[in-house]
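Participant: Can you keep this structure in mind? I'll have questions shortly.
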Amino acid sequence: MQVMAHQESFMPMYHKLITYEEQNKTMLDAIKTVKQQLEQSNQPLGIHHQKNTIPTCYVARFSLQTLYHFEMPNHHRLMYTVRRSRSNDDKEALFLKLLSHDEYNKQFGYFKKKSH
């Protein structure tokens, strides 16, 4: 499967990571590993989100039908979708976002438990 990255939502964050490559080596290595795993697969990998649990902001912004994520270092989530390539109708993965744990919880409607 070919792996692409969304130019407006994924690449700016990725460029920030590579600006401080040494500090972000663990995350960059994890992204590279996910990319390699997907390139060697004909099927989506990672955690699949049921269609009714996909936030409407993802559906509207990315016009997607499916959403997956990988657990990444430091409690981050790499969000991606699988779609048909425009050029040859093969499957391709599109990296959408790299979210912190808090960003993920906020976008998916999960909240921190308050301790008393």
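Participant: Among VAL34, VAL82, VAL59, which one moves the most in a GNM of the chain with springs linking Cα atoms closer than 10 Å?
Facilitator: VAL59
Participant: Separate question: Grab the stretch 29-116 and count how many Lys pairs have their alpha-carbon atoms under 21 Å apart, sequence gap of 8 or more, or different chains.
Facilitator: So the count works out to 9.
Participant: While we're here: Determine the relative contact order of the chain: mean sequence separation of Cα pairs under 8 Å and six or more apart, normalised by residue count, in whole percent.
Facilitator: Relative contact order here is 28 percent.
Participant: Taking the Kirkwood radius as the inverse of the mean 1/r across Cα pairs, report the Rg/Rh of the stretch 1-47.
Facilitator: 1.01
Participant: Debye sum, Cα scatterers, the stretch 50-96, no solvent: what log₁₀ I/I(0) at q = 0.26 1/Å?
Facilitator: -1.00
Participant: Related question: With the Cα gyration tensor of the chain in hand, give its eigenvalues times 5 under a square root as the equivalent ellipsoid semi-axes, listed largest first in whole angstrom.
Facilitator: That gives 23, 20, 13 Å for the three semi-axes.
Participant: Could you work out what % of the accessible surface of the stretch 45-116 is carbon and sulfur, using a 1.4 angstrom probe and leaving DNA, RNA and ligands out of the count?
Facilitator: 50
Participant: Could I ask something else about it? Sort out for me the Cα centre separation of the stretch 36-84 from the stretch 2-17, rounded to whole Å.
Facilitator: Cα centroid to Cα centroid, the span is 14 Å.
Participant: For the chain, what does the helix formula give at 222 nm: sum of -39500 (n - 2.57) over DSSP H segments with n ≥ 4, over the residue count, nearest 500 deg cm²/dmol?
Facilitator: -9500 deg cm²/dmol
Participant: Could you give the accessible area per residue of the stretch 36-91, probe 1.4 Å, as a whole number in Å²?
Facilitator: Using a 1.4 Å probe on heavy atoms only, each residue of the stretch 36-91 averages 65 Å².
The values are calculated or read from the model by the stated rules, or taken from the named source; none is laboratory data. Quick caveat: nothing in here was measured; it's all calculated off a predicted structure. Each accessible area value is taken on the protein alone, full model and side chains, heavy atoms only, with ligands, DNA and RNA left out. Shrake-Rupley method; radii C 1.70, N 1.55, O 1.52, S 1.80 Å.
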